[in-house]
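K.L.:
Before anything else, here's the structure in question.
The values are calculated or read from the model by the stated rules, or taken from the named source; none is laboratory data. As the structure is a prediction and not an experimental result, all values here were calculated from the model. So basically every Cβ, Gly included, is an ideal-geometry build from the backbone, and we count neighbours across all protein chains shown. We work out accessible area using only protein heavy atoms, side chains counted, and drop any ligands, DNA or RNA first. Shrake-Rupley method; radii C 1.70, N 1.55, O 1.52, S 1.80 Å.
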Amino acid sequence: MEIIHYKREGSILHTKSYAFAVRIVNMFLHLSNDDWRLASIYKQVLRSGTSVSANVHESEFAQSPSDFISKLSIALKEANETMNWLNLLKDTGFLTDKEFESMAKDCSEIIAMLVSSIKTTKKNNNL
């Protein structure tokens, strides 16, 4: 599936975080049919995984460099939380190793981009 971003074609972080959110939604739809007893965990990974993209996109209209850093920092926290839920789902057998590795790779790449963007913005703005 090709994902098209209006006004964001040049932003790898926007593109990757949105594609990751799409993957999280699809994973949620797949998992939520498995075991209703884990519904709260499934909802948590859905919330945190999609929040990454929402905060990255919100940062586009930040009012200041500090606000930009704040939005990306929230996205970073949400990505870290998502990694926790992915690990839990793998370790309890609800994600296969292959499924986990694919999702974790994407999440790790986003985390690295967020850390880099935050550091660069702080450096460039003497924050």
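K.L.:
From the Cα gyration tensor of segment 10-67, with a ≥ b ≥ c the square roots of its eigenvalues, which class applies: rounded if a/c is under 1.5, or else prolate if a/b is larger than b/c, or else oblate?
P.N.:
Note, shape of segment 10-67 comes out oblate.
K.L.:
Also, quick follow-up: Measure nothing fancy, just the Cα-based angle from helix 12-31's long axis to the longest principal axis of the chain, in degrees from 0 to 90, nearest 10.
P.N.:
For 12-31 against the chain, the angle is about 20 degrees.
K.L.:
List the residues, sorted by chain then number, that are 5 or more residues from Leu95 or on another chain and whose placed amide H is less than 5 Å from its amide H.
P.N.:
Lys90
K.L.:
Same structure again: Could you list, in their original order, any pairs among Lys43/Lys119; Lys43/Lys105; Lys98/Lys122; Lys43/Lys90 whose Cα atoms are separated by more than 25 Å? Write out the running numbers ahead of the final one.
P.N.:
Values: Lys43/Lys119 31 Å; Lys43/Lys105 21 Å; Lys98/Lys122 36 Å; Lys43/Lys90 16 Å.
Where the Cα-Cα span goes over 25 Å, the pairs concerned are Lys43/Lys119; Lys98/Lys122.
K.L.:
Right, next: For the chain, what is the calculated [θ] at 222 nm in deg cm²/dmol (nearest 500), taking -39500 (n - 2.57) for each run of four or more DSSP H residues and dividing by its residue count? Before the final figure, lay out each step's value.
P.N.:
Values: 4 runs with 96 residues, N = 127.
It comes out at -26500 deg cm²/dmol, rounded to the nearest 500.
K.L.:
Another question, then. Summarise the accessible area of segment 1-121 (1.4 Å probe, protein heavy atoms) by the percent that is carbon and sulfur.
P.N.:
With neighbouring chains kept in place, the figure for segment 1-121 is 56 percent.
K.L.:
While we're looking at this one, here's another question. Could you report the chain's accessible area per residue, 1.4 Å probe, as an integer in Å²?
P.N.:
With all protein chains present, the chain gives 60 Å² per residue.
K.L.:
Something else now. Scan the chain and report its longest stretch carrying no GluC sites (Glu not before Pro) that are both in a DSSP loop and have at most 13 other Cβ atoms within 10 Å.
P.N.:
Counting only loop sites that pass the neighbour cut-off, the longest clear stretch is 61-127.
K.L.:
Can you give the angle from 0 to 90° between the axis of helix 65-91 and the longest principal axis of the chain, with both taken from C-alpha atoms, to the nearest 10?
P.N.:
Orientation of helix 65-91: about 20 degrees from the principal axis.
K.L.:
So how far apart, in nm, are the two label points at Phe100 and Ser32 if each is 7 Å from Cα heading toward Cβ?
P.N.:
With each label point 7 Å from Cα toward Cβ, the separation is 2.4 nm.
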